[in-house]
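FYI, it's all coordinate maths here, none of it is from the lab. Since the structure is predicted, the reported quantities are computational estimates derived from the model, not experimental observations. Neighbour counts run over all protein chains shown; Cβ positions are idealised from the backbone, glycine included.
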Amino acid sequence: MICSSLTSIAVIALAGLAQGAPTSNLRSWEEAYAKAEQVVDQMSLEQKVGLTTGIGWEKTLCVGNVHGTEDPYFPSLCLQDGPLGTRFASNNTAGVSGINAAATFDRDLMYRRAEIIGNESRGKGVHIQLGPSVDLIRAPHGGRGWEAFGEDPYLQGVGGYEFVKGVQSQNVIATAKHYILNNQEINRTTSNSVVDERTLREIYVWPYARMVEAGLGSVMCSYNLYEDIYACENDYLLNTVLKEELSFKGFVMSDWGATHSTAPSVNAGLDMTMPGDIIMGDGLSWFGPNLTKAVEDGDVSEERVTDMAMRIAAAHFKVGQDKDFPETSLVSFDRKSEPEVIVTSDEHIKFVRDIGAASVVLLANDGILPVSSDDLQKIAIVGSDAAAPSEHGGLNEVECTDMACNDGTYVMGWGSGSVDFPYIISPTEGITNRAGDSVEVVHTYDDWDTEAAAELASDADIAFVFAKTEAGEEYLMVDGNNDRKNLTLWNNGDNLIQAVADANENTVVVIHSPGPILMPWIDHENIKAVVWPGLPGQETGNSLADVLFGDVNPSGRLPYTIAKKEEDYGAHISTEYNIEYSEKLNIGYRHFDANDIEPLFAFGYGLSYSTFDYGKLKVNTKRGKRDTLATATVFVRNTGDVDGAEVAQAYISFPESAGEPPKVLRGFERVYLKAGQQRKVTFEFTETDLSIYDEESSCWVVPEGEYTVSIGASSRDIRESATFDL
Ligand code: BGC
């Protein structure tokens, strides 16, 4: 039995995944700490405290700023949301959500997306980007799952790793959030997440470990409690797990208003309070003068305050913000005075269109797609989800902040994780442009008039019917939802789909949703395809048209399970004080596997316009370079006549004695293959990949016994498997 720490083994495991970034001025932690020391050594206690204390809600240019110092010089760091781009900004790009990045199952695209987010943040003078989110989708209703990378910890780990690398390559500090066990919005500030030590680490800490390997600069602790102690004053979570076990060298900031004390928080490992206030907007702070006094009273050591300031300054120097960093040009709370600083570009926009297309998941297709323009005369488009939203969705501005109201196509969730749109190419616009002048495109956006919809659809060659659901962050409520109250479509969606399908035998359903929905119409004989574009951002219509018309062969894969019925899911939103994570390791598809429940669409599932064969799986356990314990190779061949990408997925089944779920994702590779082409795909399984957390010894161990590696096109479409012994 090998006992090793989760991070140290995997530094090597993931090193070298990111590529091609203009990474200038970046430093190692050692170099960064040496630079930080030169500055922090000259600071008074008050100056050090200033670095750790937010100036106050809506008092500064950014959603958070800490106090800077003149002598020695240290800037007032600007903290700005969020996980998909720069919030409260103009001349920006509104790209795809985290959940779409996950749906690509493509590391390069994940990295490039983050690089652009970092680039635009830097351009606006943002020092600290408040993303990525790695909150796992436990209950499919969860309001903020769309900001992150889905229901699997390995996928979250890769998503988080690439995000940190990409953003920090642009001299901007990434912030991993929300640490930890913040997986629903209801009662997020008052509930206590109850989870065992093994599940805590294998599922929820895992992505943080991967991000620490990527050089993560900051972590945001969450609102909720763990073991009846707030996450932001939880010595076990912050000091023991994050700083000691994972050797996290950066700093921990509170979520906005999540600090509840001075000495207990600071001594538990909180390094920065955000946005500074005790209660948002009150002008008071648990840090600031209260922290200075706590040092004078002996409740906090000055050494600890120095450590806090050092961690913050070191993150700043690590990502190289000390050279040529732009002035902050955001004016978050007075948008009319925002200077014009253009950070978007044609290249960024092109990328959004491409990743939007790469993240479309084709759920069903009887051959109707791709649409061939040849014998097409008339297209009907039905549903408000195909329309460009009006500016404020018809409601007043207050209710409509942060994308909380939307009367048109759904392209991102609401809350602090949203950004403003420069424009939206609606699905209707994208389809109309691509169809060309010779095709008549008619539409109706009235979701409630099913008769009119049916009539419009009845004589079209093909009918696209659009429907949506929405979700978002707790401080905004839309029709009683932040977490979704149920998984049914909004705005009469099911009836609309039924009506169109009854009227047109070439019906294609398109759903925009932050997560799974129920599909009571799925077996309707006239529904010839179901398309799932996720939350694609400003280029949504173009990305969709690229796939519908076959300019892009779809290769997106579901980053969560879509069940046949709501009760089939292993976790649900809880309204109790104690949120019991009783599914333990069986999050997402693992629960369906463990309980033999057939999903409607499995995790990792998605169709292509081509077909792919897998063959000749070989596994060898010769110790390879680095810490690889087993290597699997498999040949993937494009057996259709269309070029395209396949996402080969590798699942590991541990020896039975390990007590793991039936199988867990431990590798994926998106391979582009021309028609007829074959390629060898290699998966390396490291000690980290093959370890479990042993509660008795409190360490990560590689269980001895027989492992199975299963390679396939989804978690329920295994094509090849082989066993090996360790
Ligand atoms: C959210 C964070 C966000 C912060 C600042 C909080 O309500 O939970 O994710 O970064 O606000 O806007």
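Charged neighbours of residue 535, selected by a Cβ distance under 11 Å, balance to -1 (K, R count +1; D, E count -1). Kirkwood analysis of the stretch 516-661, using all unique Cα-Cα pairs, places the hydrodynamic radius at 18.9 Å. Note on the stretch 120-241: antiparallel DSSP beta bridges, both residues inside, total approximately 20 percent of the bridges counted. Between residue 192 and 225, 578, 579, the built amide H atoms are under 5 Å apart, and every one of these is 5 or more places off in sequence or on another chain.
Over the stretch 281-418, what relative contact order in percent results from Cα pairs under 8 Å that are six or more residues apart?
Working: 58 pairs, mean separation 13.9, N = 138.
About 10 percent, as a whole number.
Given in Å, the Rg to one decimal and the Dmax to the nearest whole number for the Cα atoms of the stretch 603-726 are 15.5, 54. Backbone geometry of the stretch 118-132 corresponds, through the Karplus equation with coefficients 6.51, -1.76 and 1.60 at θ = phi - 60°, to 3J(HN,Hα) couplings of x, 4, 6, 4, 4, x, 8, x, 8, 7, 10, 8, 8, x, x Hz, x marking Gly and Pro.
Can you give the Kirkwood hydrodynamic radius for the stretch 141-218, in Å, rounded to one decimal and based on Cα pairs? Write out the running numbers ahead of the final one.
Numbers: mean 1/r = 0.0755 Å⁻¹.
Computed over the stretch 141-218, the radius equals 13.2 Å.
Note that the stretch 357-364 has calculated 3J(HN,Hα) couplings of 5, 5, 9, 6, 9, 8, 8, 8 Hz, one per residue in order, obtained from phi through the Karplus relation 6.51 cos²θ - 1.76 cosθ + 1.60 (θ = phi - 60°); glycine and proline are x.
Tally Lys and Arg at +1 and Asp and Glu at -1 over the other residues with C-beta under 12 Å from the C-beta of residue 439: what net charge comes out?
That works out to -3.
If you split all Cα-Cα distances of the stretch 223-266 into 10 Å bins from zero, what percentages do you get per bin, shortest first? All Cα pairs considered, the percentages come to 29, 58, 13. The GluC sites (Glu not before Pro) of the stretch 322-431 that meet both conditions, a loop assignment by DSSP and at most 10 other Cβ atoms within 10 Å of the site Cβ, are 340, 391, 397.
Each Lys or Arg adds one and each Asp or Glu takes one away; over the other residues whose Cβ falls under 11 Å from the Cβ of residue 610, this sums to -2. At 25 °C and a viscosity of 0.890 mPa s, what translational diffusion coefficient does Stokes-Einstein give for the stretch 485-539, taking Rh as the Kirkwood radius over Cα pairs? Give it in µm²/s as a whole number. Translational D for this selection: 205 µm²/s. Per-residue ellipticity at 222 nm computed for the chain from its helices equals -6500 deg cm²/dmol, with DSSP H segments shorter than 4 residues left out and the rest contributing -39,500 (n - 2.57). Each DSSP beta bridge with both residues in the chain is either parallel or antiparallel, and the antiparallel ones are about 60%. Here the alpha carbons of the chain define both size measures, Rg and Dmax, at 25.0, 82 Å. Over all distinct Cα-Cα pairs of the stretch 75-116, the Kirkwood formula returns a hydrodynamic radius of 11.6 Å. The slack between residue 235 and residue 502, meaning 0.36 nm per residue of separation minus the straight C-alpha distance, is 90.2 nm. Ordered by the number of other Cβ atoms lying within 10 Å of each residue's own Cβ, fewest first, 426, 285, 698 fall into the sequence 698, 285, 426. Here the Karplus relation 6.51 cos²θ - 1.76 cosθ + 1.60, evaluated at θ = phi - 60°, turns the backbone of the stretch 696-707 into coupling constants of 5, 8, 6, 8, 7, 10, 9, x, 7, x, 8, 9 Hz, with x for every Gly and Pro. For the pair residue 335 and residue 695 in one chain, pulling the backbone fully straight at 0.36 nm per residue adds 124.5 nm over the alpha carbon distance.
Shape descriptor for the stretch 341-466: Rg over Rh equals 1.00 (Cα atoms; Rh from the Kirkwood inverse mean 1/r).
What pairs in 177/318; 378/565; 124/293; 350/584 have C-alpha atoms more than 30 Å from each other? Where the Cα-Cα span goes over 30 Å, the pairs concerned are 378/565; 124/293; 350/584.
Considered as an equivalent ellipsoid built on the Cα gyration tensor, the stretch 606-651 has semi-axes of 28, 10, 8 Å, the largest given first. Working note: Debye formula, equal point scatterers on the alpha-carbon atoms of the stretch 233-324, no solvent; log10 I(q)/I(0) at q = 0.22 Å⁻¹ is -1.13. Restricting the calculation to alpha carbons of the stretch 89-187 gives Rg and Dmax of 13.1, 37 angstrom.
Normalised by 2.2 N^0.38 Å, with N the number of residues, the alpha-carbon radius of gyration of the stretch 563-604 equals 1.21. Label zone of residue 37 (point 7 Å out along Cα→Cβ, amide N under 18 Å): in the stretch 289-307 this covers 303-307. In plain terms, the residue of 62, 699, 78 with the fewest other Cβ atoms within 10 Å comes first and the most crowded comes last, giving 699, 78, 62.
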